[in-house]
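Written below as structure tokens is the structure these notes are about.
The values are calculated or read from the model by the stated rules, or taken from the named source; none is laboratory data. Bear in mind that the values here come from a model prediction, so they are computed numbers and not experimental data. Here the Cβ is made from the backbone with ideal geometry for all residues, glycine too, and neighbour counts use every protein chain on show. These area figures cover heavy atoms from the full protein model, side chains too; ligands, DNA and RNA do not enter into them. Shrake-Rupley method; radii C 1.70, N 1.55, O 1.52, S 1.80 Å.
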Amino acid sequence: MNNITNIQAFYFVGIGGIGMSALARYFNGMGKQVYGYDKTPSDLTTALISEGITITFKDSVSEIPAIFKDKSEVLIVHTPAIPKQNSILNHFRNEGYFLLKRAGLLGEVTKNTLCLAVAGTHGKTTTSAILGHLLAACDMPVTAFLGGIAENYQSNYIGNGTEITVVEADEFDRSFLTLSPDIACVTSMDADHLDIYGEASEIEAAFTDFVALLPKKENLLFRKGLPLVGRSVAIEESADFEAQNVRIKNGGYLFDLKTPNLRIKDLQFYLPGQHNLHNAVTALGMAILAGSPTDCLPKALSEFKGVQRRFSYKIKRDDLVLIDDYAHHPTELNALLQAVNEMYPEDRKLIVFQPHLYSRTRDFVDGFAESLSKFDEVVLLDIYPAREEAIEGVTSEWLLEKINDLRTEIQSKATIKNKTELTEAVSVSKSRVRLLVGAGDIGAEVQKITNALQ
């Protein structure tokens, strides 16, 4: 392709996506002309428009700006989530424009930088956000493309220079193989996306291929226990990068960081859950490998506020705690339960869960049932289909039966509600801790429920 610095105008088909919008912000900040289409308005598209980006919500060729009549200095960016019948994308494809997937463009942007790539089936967004924040707070020349809205920046994009890039290395569709990482981590390698990979062994093979892209194995950090070669990360367990002397104080963690070359004492970190502490140790390790000064890291870590929809407190009172979270895999639900049990060991807990994808529900139904059955109260929504057609027999009712088969006599039976019943169901709950969980459109219900409970 042409050098992307020569391209004057970018058209993002699906610009409201979390990964697409971060790239749109990057090129807009470079002074390029940025346009896009998305199906529906959202908080993200509203923010992009306020930053000067032109967006249409009408899938019509007539909406394409005149600047795109010249094919020579424009680029069309798209994602696998765009339906095959999309008129705008089909026009660009049929007329012979240069098209690039989002992952390919990310690969081009990061090619001539020190690229820090965060991989793993869970924990990518939080780890990337911590890492981007640490480097920016330590005044390193970093651009970070995040898969969520970092609370410190109210954005999925951190622009503090262009020599270093922080990216999420996404295993979906094997798109992380388009990157050129210099330093990387793997937070987890659980089976997921089996609609793409078929077998769990195939996803492990893809991670092995990703790790092979690194020029030096010493520049790989991985969760201790994974079948990888590099530097291990653990909590209270012997590893190259290790959290030691972990205590809970003022609703957060206090710990010491041991690395191969130094020790930093009494670090403070305020995201609940051992999985988040693991993400923090990994991010600290990557920042150190990237050459960050270490004297600024303690303050930066203590000031990290989290990522929207990743254990986000919506209400935190003596009588009621409402938490919003993106968990959509049994491993993530188990991590969420560990976090709330650690912070609120004596309290009853309600989870409202929206399953995400028919294929994921089918592939992990027993794991979902086991995880969800451990909460005191369970309310299910219907499965959020995203890109999929329904699969016969794969329903929330099927999952509900499996949850109730595992529940004890002292636990209330799990139920299914539709969205119109959700606010009342959460309001009448007897649980002090209430969680709204899933990767679908449950996020749009969170504010309504928060308002009602306040």
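Note on Arg387 and Glu163: with the Förster distance fixed at 35 Å, the Cβ-Cβ geometry gives a FRET efficiency of about 0.45. Spatially, the range 404-447 and the range 311-339 are offset by 12 Å when compared through their Cα centroids. Taking 13 Å as the straight-line reach from the Cα of Lys71, the aspartates and glutamates in range (excluding those fewer than 8 positions away in the same chain) are Glu95. Highest average first, the peptides 424-430, 320-326 ordered by how many other beta carbon atoms sit within 10 Å of their residues are 320-326, 424-430. Segment Lys419..Trp398, full-extension length gain: 5.7 nm, with 0.36 nm per residue of separation and the alpha-carbon distance subtracted. The distance between label points at Asp295 and Thr40 comes to 5.1 nm (points 7 Å beyond Cα on the Cα→Cβ vector). With all protein chains in place and a 1.4 Å probe, the accessible surface of the chain carries 47 percent carbon and sulfur.
Can you sort His356, His275 by solvent-accessible area, 1.4 Å probe, largest first?
Descending order: His275, His356.
In this structure Ile7 has an accessible area near 10 Å², from a 1.4 Å probe over the protein heavy atoms. The residues of the chain have, on average, 42 Å² of accessible surface per residue, using a 1.4 Å probe with all protein chains present.
The residue list Thr54, Gly225, Pro260 was ranked by how far each Cα lies along the charge dipole of the chain toward its positive end, using unit charges on Cβ atoms, and Thr54 comes out on top. Pairs Lys249/Lys413; Lys258/Lys299; Lys224/Lys299: which are spaced more than 25 Å apart, C-alpha to C-alpha? Flagged as over cut-off: Lys249/Lys413; Lys224/Lys299. Cys residues of the chain that find no other Cys beta carbon under 4.7 Å: Cys115, Cys185.
Among beta bridges identified by DSSP and lying wholly in the range 155-269, the antiparallel ones come to about 55 percent.
For the range 247-387, DSSP calls about 70 percent of its internal beta bridges antiparallel.
Estimated at 0.36 nm per residue, the fully extended path between Asp173 and Glu409 surpasses their Cα-Cα distance by 80.7 nm.
Ranked by the mean number of other Cβ atoms within 10 Å of their residues, highest first, the peptides 220-231, 387-398 come out as 220-231, 387-398.
Computed extension gain for Tyr313 through Phe98, at 0.36 nm per residue and net of the alpha carbon distance, reaches 73.1 nm.
Taking 23 Å as the limit for the C-alpha separation, the pairs Lys349/Lys402; Lys84/Lys417; Lys216/Lys305; Lys402/Lys448; Lys101/Lys305 exceed it in the case of Lys84/Lys417; Lys216/Lys305; Lys402/Lys448; Lys101/Lys305.
Find the relative contact order for the chain and round it to a whole percent, using C-alpha pairs within less than 8 Å whose residues are 6+ positions apart.
Relative CO of the chain lands at 11 percent.
Starting from the Cα of Thr56, step 7 Å along the direction of its Cβ; do the same at Leu254; then give the gap between the two resulting points in nm. With each label point 7 Å from Cα toward Cβ, the separation is 5.9 nm. Treating r as the C-beta distance of Asn451 and Lys430 and R0 as 25 Å, the FRET efficiency rounds to 0.75.
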